[in-house]
Amino acid sequence: MTNPAIEAEGLRKSFGDRTVLDGVDLAVPEGTVFALLGPNGAGKTTVVKILSTLISADGGHARVAGHDIATSPGGVRAAIGVTGQFSAVDGLITGEENMLLMADLHHLSRSEGRRVTAGLLERLDLVEAARKPASTYSGGMKRRLDIAMTLVGGPRIIFLDEPTTGLDPRSRHTMWQIIRELVADGVTVLLTTQYLEEADQLADRIAVLDGGGIAAHGTAGELKRLVPGGHVRLRFTDPEAYRSAATALGDATADDDALALRIPSDGSQRDLRTVLDRLDAAGVEAGELTVHTPDLDDVFFALTATGVPAQRNQTKETAR
């Protein structure tokens, strides 16, 4: 495992008598996308605000880019970029002026600020709109400008808090491509999202936040295997082959009308090979074979439902 760009242990935060975070552990390797999933109110934005030093934790500790968030907040801020849920774009000025303002805030010289601004506007396909008021931009354009402003300081770690909420599918896919390009350049991204497809598409690792803690974590494939319901479906055109397969696969659920068998499976290569070996031993060949695995929607609903604490106890080790 590469060095963690972000590591946290036991983060706790309450607002009044409401506990939002109750012992959150995270470890995000450099140059990866880490997605934090959770229902509304689960504490995703609170995690981002604590790690980016916008608010303080009530307990636990964390390091971002090697800097302790409590004792070296300035070091953290110098290393990160943050794009929040809501646009930070000033609609009264142009996109270019928004960028130059951000360059001033980063204490770039005038020439350097203009060079960085021009490069980012081109990279995020905003050159044509650069001198138009940002209030005239579409939602997708505003989000791209948000990202461009975040990149002015050259951060190696970026927090993206639900960056595609409200975007149309085309704009969402454009944003995904931008995120992939950033990671290809070595940037680390911590992404919060409610779009499960987004986490599936982008994240190297995913953590599900619920009830104040991490309910489960792992790759998308690992999380999907936590949820029962995966199976292999075999369909036959020959009734004799169907009956022979049903005998060979004693644990299969039979559908006589469709000449189909359903065998419980976790979708792994080893599991699939076992099924095929049993068919070969019986001298039977299926006309059609399909593998069905739970998707992240199934994972999300299973892990954020009543009874999750028991699952959390099984997956408590640091999210790596």
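The values are calculated or read from the model by the stated rules, or taken from the named source; none is laboratory data. Just so it is clear, the structure is predicted and the values come from calculations on it, not from any experiment. Cβ sites come from the backbone with ideal geometry, for glycine too, and all protein chains shown count toward neighbours.
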inquiry  = For the stretch 124-171, give me the residue count where each residue is surrounded by fewer than 18 Cβ atoms within 10 Å (Cβ to Cβ) and at positive phi.
reply    = 3
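Can you pull out every residue in the stretch 1-12 that is surrounded by 13 or more Cβ atoms within 10 Å (Cβ to Cβ) and in contact with a Lys or Arg (Cβ under 9 Å, 6 or more places away or on another chain)?
Pro4, Ala5, Ile6, Glu7, Ala8
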message = Can you go through Leu92, Leu54 and tell me which one is over 30 Å from Gly10 (Cα atoms) and either aliphatic (A, V, I, L, M) or in contact with a strand residue (DSSP E or B) (Cβ under 7 Å, 6 or more places away or on another chain) (or both)?
response = Leu92
query = Within the bounds of the stretch 8-31, is there any residue that is within 14 Å of the chain's Cα centre (by Cα), closer than 19 Å to Thr304 by Cα, in a loop (DSSP other than H, G, I, E, B) and not aromatic (Phe, Trp, Tyr)?
reply = no
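Could we say that Ile158 is touching a residue at least 24 places away in the same chain (Cβ under 8 Å) and in a helix (DSSP H, G or I) here? Spell out the reasoning first.
Numbers: touching a residue at least 24 places away in the same chain (Cβ under 8 Å): yes; in a helix (DSSP H, G or I): no.
Criteria not met by Ile158.
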ask   = Residue check: is Arg18 free of Cβ contacts under 8 Å to residues at least 12 places away in the same chain and over 19 Å from Arg156 (Cβ atoms)?
value = yes
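Only one of Thr71, Thr53 is surrounded by fewer than 19 Cβ atoms within 10 Å (Cβ to Cβ), more than 30 Å from Glu128 (Cα to Cα), of a type in the set (Ser, Thr, Tyr) and at pLDDT 95 or above; which? Spell out how you get there, then give the answer.
Numbers: Thr53 fails: surrounded by fewer than 19 Cβ atoms within 10 Å (Cβ to Cβ).
The unique qualifying residue is Thr71.
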key: Residues (hydrophobic (A, V, I, L, M, F, W, C) and not in a loop (DSSP other than H, G, I, E, B)) located in the stretch 173-189   = Met175, Trp176, Ile178, Ile179, Leu182, Val183, Ala184, Val189
task = Determine the pairs where a residue that is on the phi > 0 side of the Ramachandran plot and surrounded by fewer than 23 Cβ atoms within 10 Å (Cβ to Cβ), located within the stretch 29-44, has a partner that is of a type in the set (Val, Ile, Thr) and assigned to a loop (DSSP other than H, G, I, E, B) with Cβ atoms under 7 Å apart, the partner being 6 or more residues away or on another chain.
result = Gly31/Thr2
remark   = Checked pairs for the stretch 190-214, first assigned by TED's automatic domain parsing to the domain that holds Arg63 and in a strand (DSSP E or B), second surrounded by fewer than 22 Cβ atoms within 10 Å (Cβ to Cβ) and acidic (Asp, Glu), C-beta under 6 Å and 6 or more apart or across chains, list as Thr192/Asp161; Thr192/Glu162; Thr193/Glu162; Gly213/Asp22
inquiry  = Looking at Ala148 and the list (1) free of Cβ contacts under 8 Å to residues at least 24 places away in the same chain; (2) outside any loop (DSSP other than H, G, I, E, B), which single condition is not satisfied?
reply    = (1)
query = So how many residues does the stretch 219-247 have that are surrounded by fewer than 18 Cβ atoms within 10 Å (Cβ to Cβ) and at pLDDT 90 or above?
reply = 9
ask   = Among the residues of the stretch 77-123 satisfying the criterion of being small (Gly, Ala, Ser) and not in a helix (DSSP H, G or I), which is surrounded by the fewest Cβ atoms within 10 Å (Cβ to Cβ)?
value = Ser109
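Could we say that Pro39 is touching a Phe, Trp or Tyr at 6+ places or on another chain (Cβ under 9 Å) and in the same structural domain as Gly154 (by TED's automatic domain parsing) here? Explain how you work it out, then say what you get.
On the way: touching a Phe, Trp or Tyr at 6+ places or on another chain (Cβ under 9 Å): yes; in the same structural domain as Gly154 (by TED's automatic domain parsing): yes.
Yes.
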Looking only at the stretch 196-210, and only at residues there that are crowded, with 18+ Cβ neighbours inside 10 Å and not charged (D, E, K, R), the one that is farthest from the chain's Cα centre (by Cα) = Leu209
inquiry  = Given the criteria under 30 Å from Leu196 (Cα atoms), touching a Gly at 6+ places or on another chain (Cβ under 8 Å) and either without any contact (Cβ under 8 Å) to a residue 40 or more places away in the chain or of a type in the set (A, V, I, L, M) (or both), does Val82 qualify?
reply    = no
